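The values are calculated or read from the model by the stated rules, or taken from the named source; none is laboratory data. Here the structure is a predicted model, which means the values were calculated and not measured. Cβ sites come from the backbone with ideal geometry, for glycine too, and all protein chains shown count toward neighbours. Just so you know, the surface numbers come from the protein's heavy atoms only, side chains and all, with ligands and any DNA or RNA stripped out. Shrake-Rupley method; radii C 1.70, N 1.55, O 1.52, S 1.80 Å.
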Amino acid sequence: MDIQLGAMLHVYKGEWGLPTIDFECLRALCLLRFTRCPMDVETNANPLRSGAGKLPYLQIGNDKFVGYTQIKRVLDLEGYPIDAHLNTKQKHLSATYANWVFTNLHGYYHYFLYGEPFNFDKTTRGLYAKRTPFPFNFYYPSTYQREACDVLQVMASFDVNDKLDKHESEYLVLNAKKCVNLLSRKLGRKVWFFGDTYSEFDAIVYSYLAIIFKITLPNNPLQAHIKACQNLVNFINRITKDIFRDEGYSSTKLTKASNGTDSHLAHSEHKLLESDCSTKIVAGVGALLAMCAFAACRGIYNQLTTRSSTDYDGIDYDDDDAEEGLE
């Protein structure tokens, strides 16, 4: 297996100037770009072709490696380990810090992107639906909501299917803000968290914070908190600009509002609204046709029934006995 020949990383297309909308996809992309691994990236990917129904996945020939862990293992074996430049102590610290960040940000990320009903319905569902082929885009985004339910039951001890007043999100927000404060102090004025050398920890922090900071959610209390940490904002913007300059994507364009002022409106939101409208129209036409077909069939049935009653042969059939026999 040669990673330089025919290798392709499949990820979701980006938004808000980022190369992808998804945390797992973004940190897989960081593996490639940080290590300068020569590999093509496909952003118009179908998650259902991965074999596990998820992105990202790496395809080399007929072999598919699904998820960040498998992709990292392949890159390590092929000579592109992301922590190769760290010493032994730094490698241990990187792994320890990564687990700590996961504990404090993973629950927040899953709740406010997939578990919080208003956020999911207004933003996240449309983002994933637009990047999933028809007709799977109608139900596929809900798989992320179900996954968030499992994550939050373990990490926050509440069920996202409960009423909103039972969502104990304050615990997630508090831990996430503490985590951001410590990350800001840890980074300081350095370029990377371990000085002048990138690491897997940098990829993880960037992947969480970039999406949380850039995404346009109705309810996202950590966004303003990150904005107040200027060194983290610089960290996010520097990686986005310098490393993903040619891969960042945004569908946002400047449009005129009804009052004559300029406003930013995402093209994806227009498409989602148009899609919803089209779906309702199609559903309405389909329902009308179904009712017409039912009425026509009912009329034909009534005619046949009437005709058969005039041709009754005088033999009595015991329907109840026949049904009991079938049972």
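Results for (1) open to solvent by less than 50 Å² (accessible area, probe 1.4 Å); (2) in contact (Cβ under 8 Å) with a residue 60 or more places away in the chain, shown as yes or no for each residue.
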{"site": "25", "(1), (2)": "yes, no"}
{"site": "28", "(1), (2)": "yes, no"}
{"site": "34", "(1), (2)": "yes, yes"}
{"site": "40", "(1), (2)": "no, no"}
{"site": "64", "(1), (2)": "no, no"}
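Could you figure out which of (1) crowded, with 16+ Cβ neighbours inside 10 Å; (2) under 14 Å from the mean Cα position of the chain (by Cα); (3) small (Gly, Ala, Ser) isn't true of residue 98?
(2)
Six or more apart or on different chains, Cβ atoms under 7 Å: show the pairs whose first residue is in region 158-178 and under 16 Å from residue 145 (Cβ atoms) and whose second is at pLDDT below 75 and open to solvent by less than 100 Å² (accessible area, probe 1.4 Å).
Hits for this filter: 167/158.
Keeping to region 174-196, report how many residues are of a type in the set (S, T, N, Q) and open to solvent by less than 40 Å² (accessible area, probe 1.4 Å).
So the count comes out to 2.
Just give me the residues in region 66-83 being open to solvent by less than 70 Å² (accessible area, probe 1.4 Å) and under 23 Å from the mean Cα position of the chain (by Cα), in sequence order.
Taking region 66-83 first, the residues open to solvent by less than 70 Å² (accessible area, probe 1.4 Å) are 66-68, 71-72, 74-76, 78-83.
Hits for region 66-83 are 66, 67, 68, 71, 72.
For residues that are among the β-branched types (Val, Ile, Thr) and surrounded by 15 or more Cβ atoms within 10 Å (Cβ to Cβ), scanning just region 144-173, find the one that is farthest from the chain's Cα centre (by Cα).
173
Six or more apart or on different chains, Cβ under 7 Å: which pairs go from a residue in region 226-251 that's β-branched (Val, Ile, Thr) to one that's assigned to a helix (DSSP H, G or I) and open to solvent by 20 Å² or more (accessible area, probe 1.4 Å)? Could you list them?
226/213; 233/227; 236/213; 243/33
Among the aromatic types (Phe, Trp, Tyr) and outside the structural domain of residue 117 (by the TED database) - does that describe any residue in region 224-241?
Yes, some residue in region 224-241 is among the aromatic types (Phe, Trp, Tyr) and outside the structural domain of residue 117 (by the TED database).
Test residue 210 against the stated conditions and say whether it is closer than 22 Å to residue 175 by Cα, touching a Lys or Arg at 6+ places or on another chain (Cβ under 6 Å) and either surrounded by 18 or more Cβ atoms within 10 Å (Cβ to Cβ) or not small (Gly, Ala, Ser) (or both).
Values: closer than 22 Å to residue 175 by Cα: yes; touching a Lys or Arg at 6+ places or on another chain (Cβ under 6 Å): no; either surrounded by 18 or more Cβ atoms within 10 Å (Cβ to Cβ) or not small (Gly, Ala, Ser) (or both): yes.
Judged against the criteria, residue 210 is not a match.
Only one of (1) touching a residue at least 24 places away in the same chain (Cβ under 8 Å); (2) over 14 Å from the mean Cα position of the chain (by Cα); (3) open to solvent by 20 Å² or more (accessible area, probe 1.4 Å) fails for residue 86. Which number is that?
(3)
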